[in-house]
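Remarks on the structure that follows.
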Amino acid sequence: MTERELTAKPVRAIPSGRALTVVAVGDSFTEGLADDPGRGDGVYRGWADLVAERLAELEPDLRYANLAVRGKLMGQIIADQLQPAAAMRPDLATLAGGLNDAMRPKCDVEAVCRLLEEGARVLAEASGTLVMFRSIDFTRRMPSAKRFQTKADRINECIDQTAAKYGAVTVDLHAIRVLDDPRLWAVDRIHMNSEGHRRVAEAVLEALGHEPRFAWREPLPPARKPLPGAKTWSDLRWLVGFLLPWVKRRLTGKSSGDGVLPKRPELTKVR
């Protein structure tokens with residue numbers, strides 16, 4: 001018997017009606033950027049909220065916390081979110097992170113992997129079921145992301161190994177081709193829009209053993225032919241509105257998450 005077989009525990013899906021507490025840990029992906037439900041309160045929704053809402057239909061007393069904050073590096077996620085999440089002893093915990101690190105030129109990807117494994121170990125021991133994510137292949141939408149993607153691929157390898165070691169449920173976003181469609185992404189090109197989050201929520205629920213409510217893997221209808229100059233205008237808007245501010249934050253040592261608090265810091269009822 002191999003070391004992996006000795007250390008791994010079987011993946012446990014959550015039976016209907018049995019998920020009592022849910023805790024989500026991570027960065028902007030888990031906070032829900034840029035899924036704006038139109039409530040006017042400035043709080044994003046996202047796939048984690050949608051998963052909690054679906055599970056609450058089966059268990060009305062379900063309580064849910066989301067500790068994720070945009071812009072956080074893996075070390076910050078571990079330092080700020082890990083112990084509060086573990087102390088909640090959730091039935092279901094989710095862990096996603098590392099891409100903000102990978103986007104940094106001086107990223108120590110092996111250090112990120114060690115932090116990911118530490119987070120998985122603590123949450124797996126504290127929770128009934130842990131969910132982790134293999135990140136998408138950004139080069140399918142943005143060929144210029146190849147250098148960044150190399151580090152993201154190494155993190156995906158780490159997630160595979162860590163999930164097997166601690167018996168986590170893995171949601172393989174890297175293999176979901178519909179997520180390559182730019183229409184599932186916000187204008188900043190790095191955060192999913194509402195439809196993207198809706199499909200990720202279905203992927204998570206299916207990985208946990210629940211029947212999907214729609215064919216979330218199916219491609220979107222064919223796109224309309226863009227107007228002349230539309231791509232040039234879109235690229236210019238992205239450069240001015242998102243890339244340049246991102247570069248400025250890097251140069252000044254600031255983060256989009258500075259001063260941002262978790263949207264659901266405590267376990268509370270979804271409904």
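If you plug the beta carbon distance of ARG89 and ARG39 into 1/(1 + (r/R0)^6) with R0 = 41 Å, you get a FRET efficiency near 0.85. Considering only alpha-carbon pairs that sit under 8 angstrom and 6 or more positions apart, the relative contact order computed for segment 10-110 is 38 percent. Ranking GLY196, ALA87, ASN66 by Cα position along the charge dipole of the chain, where only Lys, Arg, Asp and Glu carry charges on their C-beta atoms, puts GLY196 farthest toward the positive end.
At 1.4 Å probe size, with the rest of the protein present, what percent of the exposed accessible area of the chain is carbon and sulfur atoms?
For the chain, the apolar C and S fraction of the accessible surface comes to 55 percent.
Shown is the FRET efficiency for ASP108 and VAL187, computed with R0 = 41 Å from the Cβ-Cβ distance and rounded to the nearest 0.05: 0.85. Bridging of LYS151 to aspartates and glutamates at a Cα separation below 12 Å is possible for ASP101, ASP108, GLU110, ASP137, once same-chain residues fewer than 8 apart are set aside.
Modelled spin-label separation between THR150 and ASP180, with each label point placed 7 Å from Cα along the Cα-to-Cβ direction: 2.2 nm. Counting only cysteine Cβ atoms and a cutoff under 4.7 Å, the chain contains unmatched residues CYS107.
Separation of segment 179-209 from segment 53-81 is 17 Å, based on Cα centroids. Note on ALA164 and ARG271: the model spin-label points, each 7 Å out from Cα along the C-beta direction, lie 4.0 nm apart. Structural descriptor for segment 102-210: relative contact order 28 percent, calculated from alpha carbon pairs under 8 angstrom and at least 6 residues apart. Spin-label pair GLU57-LEU220: with each label point 7 Å from Cα along the Cα-Cβ axis, the two points sit 2.4 nm from one another. Tell me the mean residue ellipticity at 222 nm calculated for the chain from its helices only (DSSP H runs of n ≥ 4, each -39500 (n - 2.57), averaged over every residue, nearest 500). It comes out at -11000 deg cm²/dmol, rounded to the nearest 500.
Each residue of segment 159-168 was assigned a 3J(HN,Hα) from its phi angle through the Karplus expression (A = 6.51, B = -1.76, C = 1.60, θ = phi - 60°), giving 5, 4, 5, 5, 4, 5, 5, 10, x, 7 Hz with x at Gly and Pro. Sorting the segments 251-264, 128-141 by their mean number of nearby beta carbons within 10 angstrom, highest to lowest, gives 128-141, 251-264.
The values are calculated or read from the model by the stated rules, or taken from the named source; none is laboratory data. Since the model is a prediction, treat every value here as computed from it, not as a measurement. Heads up, the Cβs are rebuilt from the backbone with ideal geometry, glycines too, and the neighbour counts pull from every protein chain shown. Keep in mind that these areas ignore ligands, DNA and RNA; they rest on the heavy atoms of the full protein, side chains included. Shrake-Rupley method; radii C 1.70, N 1.55, O 1.52, S 1.80 Å.
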